[in-house]
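Since the structure comes first, as structure tokens, the remarks are kept for the end.
The values are calculated or read from the model by the stated rules, or taken from the named source; none is laboratory data. The model shown is predicted, which means the values in this text are computed figures rather than measured ones. Positions of Cβ are generated from backbone atoms using ideal geometry, with glycine treated the same way; all protein chains shown enter the neighbour counts.
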Amino acid sequence: MKNSIKKYIYCLLFPLLVLMATNTYAINPNKYVTNSASKGSFPIASKGKLASIVISDNDYGGVLRVVGHLENDIFAVTNLHPNRIQNNKSGVEYAIIIGTLGHSTIIDQLAKEGKINPAELHGKWEKFTTQIVENPTKSIKRALVIAGSDKRGTIYGIYDLSSQIGVSPWHFWADVPAKKQSELHALSGIHSLGEPKVKYRGIFINDEAPALTGWVRDNYGKFNAKFYDTVFELILRMKGNYLWPAMWSEKFYADDPQNGILADEYGIVMGTSHHEPLAKAHGEWNKAVNGAWDFNKNPEGLKKFWTEGMQRMGNKETMVTIGMRGDGDEPMTEGTAISLLENIVKTQREIISSVTKKPADQTPQMWALYKEVQDYYDKGMQVPDDVTLLLCDDNWGNLRKLPELDAKPRKGGYGIYYHFDYVGGPRSYKWINTNQIERTWEQMHLAYEHDVNQIWIVNVGDIKPVEFPLEFFMDYAWNPEAWNAGNLQDYYTQWASANFGEQNATAIATLLKMYSKYNARKKPELLNATTYSLTDYNEAETAVSEYNALAKKAQEVNNQLPAEFRDAFYQLVLYPVLASANLHELNVAVAKNSLYASQGRAATNNYATKVKTLFDNDAELSDYYNTTMANGKWNHMMSQTHIGYTIWSDPKTNIIPATKTISIPSAAEMGVTIEGTTEWWPNATEESILPAFNSLDNTSSYIDIFNRGTKPFDFSIFSKSDWIKFSKSKGAIDQQERIKVGIIWEKAPQGTQTSTIVVSGNGKSIPILIKIINEKREGNVGFVENNGFIAIDAEHYADKTEPETYKWETVENLGKTNSSVISLPIKKGRVELNANSPKLSYNVNFKNTGTVKVSMYFSPTINYSTREGMYFGLSFDKENPVKVNYDSDPYIFDYNGKVPKYWDKNVSESIKVVTTEFKIATPGNHILNYYRIDEGLVLQKIIIETEKSELKKTNLGPPENFNIKN
């Protein structure tokens, strides 16, 4: 009875012991190492002593190599180096025993004696168990036993222990230091991450020049085994197992024969990219020697080339790419016959079978349906059932195709090729991280729910700029069931804590979350002076001030961090925030310079100077990254150009935007402009009128008073209406000043009223009309129309209907402004539209009647199904819902294959807008209903325009209207 009570108490305390652990906290649901001893725990490090490490010399070479990494990791944490014992030849009190079941003498002996359970590992894929064993051998008193089901399982178990003691996967690739600790204790129990849910999980190093290539040339001479040693380690520490190596000017096997040998030793499954068949790099094809890259014209040359690739591969674990694209990752000849591709694959499989001396279906193969190849498949191209079909995104993070929810299973299954980096249209993006993990989660969750679980591979460019989303991608690939819309935001904090400690984790999490959101709105390479509006909704000012506030916070966190963390922080957080904030301000400064020049403002030339300063700041930030940070370790890594794009491809150097300088007279001259226009007075001919004010919205507006000369002048603002307030009613103007205008609603008359503001200065008086709508809240419900429109953030619904197992899920932080809403479960697929369908209801309050346009702002999802259309439903009040096709745009063929006609605009703006018209007969309260029909739609925002709409089209749209709740 006492033992049962003790066991019950321990079960209650175990989670608390885990939470009390003070070492850095890896993104790992099974935290089993603490820095304080407890009953039954195992002392890895305690009182200046370390447990020895025991391995069998008949284990895999890769396991023995990674044991060396663990020894280095323990030293990095404790300043003590563990003793390694081969084959248990000497007695020790405490030992960490490591080995692979069926390939380690000591592990097999423990299994035979029943001290570990071989059934936990036998036949499993990449699984490990870590547990405390009493008296494992005659010469060892207690042991922490790490046993793997196979080579990678053991390696994952070793690296998992490294993670547990506080060593980041980014210890080399981002200089994240290990947290020093003297006490390390493993808790009792069997610890395991189980088997991965996705079989092959990897990265593609691509478009690696100038950044990665320059760095490799300086440090390794070429992309050799010393370089790939660091890459293989990184992949395995993130629980990955698959690599497409650098390929444009590089030849993985040919450049260094040790590359393939080392990959095989580590257990890295090698592949080649979507257009490099049979383990041959693109760079190995020499037209002068091999002939044309054309199977019709040169079949024998290609067969010889591919045969050499398979022969060189030998018995190394490889996922063999089959199929063919044109030379240099281009489409094949226009009108390529499907039968030709089928014949090519038939020939390639014959080569595979001939070289391996076994049926082709016994060699893992994948065929990428990249760009135009997907269209061939859609038109009936036959793919052998054992071949993994690698489906692709659109190069911008939106999946192009998924198997049907009721698709017949394929032996080879399905994979996804995803992008965090891309060279191509509508604009290359390579410089810095622009990927929201929320979008990655949402799209890869779609893939997993559609049973795509054989391969997940992501194009990471140079590796360095995308460290954070890359680790998320790998963690999510290991177990897509571990992360969902409800806990996804925790990933930011856990990652920050794992790499920088708990003290600043919340602040760092916010920095990661917000900078990736701001950069995902529009890729930096697409930013220009017109991206954000200077005149409407205070958009440009807000974008700059938000990013500058983020930059200020990043600097504060940097100053609080211990010195040893600052190089890592600069790479992973500070540089992306500072450089991106600077780039946003640069483009807005260019816009102001242009606008002010057209208005003759005295401040014009200041902004020309500011553009030059900000352009120089960009260079200084990158130069610090390349030459000073980490003592210049990462030189060239921030050499990618990102300013001055005019077409899809990057300019050779950053190009400073053109600015204007004007001649400014000495005599003072007043100019006035208002929110919502580039016109200025007294130059403009039409009357000036501010956007309307509504008491239920309580918005403010502004007036800009500026000088067109160098001599200052005095100004004053007057109105007979004492219910109008100003941030400043008089003063002196040197160059310019923005005056905020608001309403004192307690004094304002009821109903619709107009009044006049008069701005006087330097002998001129400018009248400005103002219109207000002052109404009572009583009886009004919902988002209130103002200036003829209503803007609603998708997550702010008033009610929801969730029949059966359906669920509406808010994905926090997903999208351009706030959060987004999706309908789950995905596996329910298309549902019939009726009044009882899953729906969200939004309360709205109209001032005007007649035709209204309801614009639904979605993430730019592509219809990944073969079924016609991609539908949702809309209705007002109790009317029957209208079926709306999200996928109504015609499809065209361009450089990305078959895509919707306006695809380039949608991905450039990170939004797709679908507009439907309705009739509103009466003003007042109404309910807008949004219904699920098809899964996979991501709703970010709703904007409803009446016939009196004064909506201005801007990048982010207007801020959300005021919402009167019941």
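Annotations for the structure displayed:
- Yes/no for E917 being among the acidic types (D, E), more than 20 Å from H796 (Cβ to Cβ) and in a strand (DSSP E or B): yes
- Taken over region 466-482, residues that are within 19 Å of N433 (Cβ to Cβ) and either among the acidic types (D, E) or not assigned by TED's automatic domain parsing to the domain that holds I437 (or both) amount to 3.
- On the stretch given as region 883-896, residues that are farther than 13 Å from Q374 by Cβ, in contact with a strand residue (DSSP E or B) (Cβ under 8 Å, 6 or more places away or on another chain) and of a type in the set (S, T, Y) total 2.
- The residue list D361, D385 contains one member that is part of a loop (DSSP other than H, G, I, E, B), in the same structural domain as K346 (by TED's automatic domain parsing) and surrounded by fewer than 23 Cβ atoms within 10 Å (Cβ to Cβ), which is D385.
- Y625 meets all of the listed conditions (1) in a loop (DSSP other than H, G, I, E, B); (2) without any contact (Cβ under 8 Å) to a residue 60 or more places away in the chain; (3) buried (at least 19 other Cβ atoms within 10 Å of the Cβ) but one, namely (1).
- Within region 452-475, tally of residues that are within 24 Å of G413 (Cα to Cα), touching a strand residue (DSSP E or B) at 6+ places or on another chain (Cβ under 7 Å) and outside any strand (DSSP E or B): 5
Yes or no, residue by residue, for (1) under 24 Å from Q374 (Cβ atoms); (2) among the hydrophobic types (A, V, I, L, M, F, W, C); (3) more than 29 Å from the chain's Cα centre (by Cα):
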residue: V854; (1), (2), (3): no, yes, yes
residue: I862; (1), (2), (3): yes, yes, no
residue: S875; (1), (2), (3): no, no, yes
residue: K898; (1), (2), (3): yes, no, no
residue: I920; (1), (2), (3): no, yes, yes
residue: I927; (1), (2), (3): no, yes, yes
residue: K948; (1), (2), (3): no, no, yes
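- Residue that is nearest to G326 (Cα to Cα), among those in region 269-286 that are within 29 Å of the chain's Cα centre (by Cα) and among the aliphatic types (A, V, I, L, M): A281
- Residue list for region 190-214, restricted to those being surrounded by 20 or more Cβ atoms within 10 Å (Cβ to Cβ) and part of a loop (DSSP other than H, G, I, E, B): S192, L193, P196, V198, K199, N206, D207, E208
- Filtered by the rule that a residue be without any contact (Cβ under 8 Å) to a residue 40 or more places away in the chain and under 17 Å from M856 (Cα atoms), region 786-807 gives a lone residue, E795.
- Residue list for region 802-839, restricted to those being in a strand (DSSP E or B) and of a type outside the set (D, E): K807, W808, T810, V811, S820, V821, I822, S823, L824, K839
- Qualifying residue in region 931-951 (condition: out of contact with any Leu (no Cβ under 9 Å at 6 or more places or on another chain), in a loop (DSSP other than H, G, I, E, B) and without any contact (Cβ under 8 Å) to a residue 12 or more places away in the chain): no
Residues checked against (1) out of contact with any Pro (no Cβ under 7 Å at 6 or more places or on another chain); (2) without any contact (Cβ under 8 Å) to a residue 24 or more places away in the chain; (3) in a loop (DSSP other than H, G, I, E, B); (4) over 30 Å from I664 (Cβ atoms):
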residue	(1), (2), (3), (4)
K711	yes, no, yes, no
D714	yes, no, no, no
K725	yes, yes, no, yes
K728	yes, yes, yes, no
E737	yes, no, no, no
T752	yes, yes, no, yes
V759	yes, no, no, no
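- Residue within region 792-799 that is surrounded by fewer than 21 Cβ atoms within 10 Å (Cβ to Cβ) and outside any loop (DSSP other than H, G, I, E, B) present: yes
- In the set (1) closer than 30 Å to Y422 by Cβ; (2) in a helix (DSSP H, G or I); (3) of a type outside the set (G, A, S); (4) at pLDDT below 95, the condition left unmet by Q348 is number (4).
- Hey, F569 in contact with a Gly (Cβ under 8 Å, 6 or more places away or on another chain), assigned to a helix (DSSP H, G or I) and not polar (S, T, N, Q) or not: no
- The number of residues in region 839-859 being surrounded by 21 or more Cβ atoms within 10 Å (Cβ to Cβ) and within 27 Å of D393 (Cβ to Cβ) comes to 4.
- Here K297 does not fit the description of being surrounded by fewer than 19 Cβ atoms within 10 Å (Cβ to Cβ), in contact with a helix residue (DSSP H, G or I) (Cβ under 9 Å, 6 or more places away or on another chain) and assigned to a loop (DSSP other than H, G, I, E, B).
- Residue within region 307-315 that is of a type in the set (G, A, S), within 30 Å of Y60 (Cβ to Cβ), touching a strand residue (DSSP E or B) at 6+ places or on another chain (Cβ under 8 Å) and assigned by TED's automatic domain parsing to the domain that holds D361 present: no
- Whether a residue is of a type in the set (A, V, I, L, M, F, W, C), assigned to a helix (DSSP H, G or I), farther than 30 Å from N559 by Cβ and at pLDDT 95 or above was assessed, and A507 does not pass this test.
- Region 106-151, residues that are surrounded by fewer than 18 Cβ atoms within 10 Å (Cβ to Cβ), in contact with a Gly (Cβ under 9 Å, 6 or more places away or on another chain) and under 17 Å from S56 (Cα atoms): K138, S139
- Number of positions in region 862-890 that are assigned to a loop (DSSP other than H, G, I, E, B) and among the aromatic types (F, W, Y): 2
- Whichever residue in region 228-254 is surrounded by fewer than 20 Cβ atoms within 10 Å (Cβ to Cβ) and either small (G, A, S) or assigned to a helix (DSSP H, G or I) (or both) and, among such residues, is modelled with the lowest pLDDT: S249
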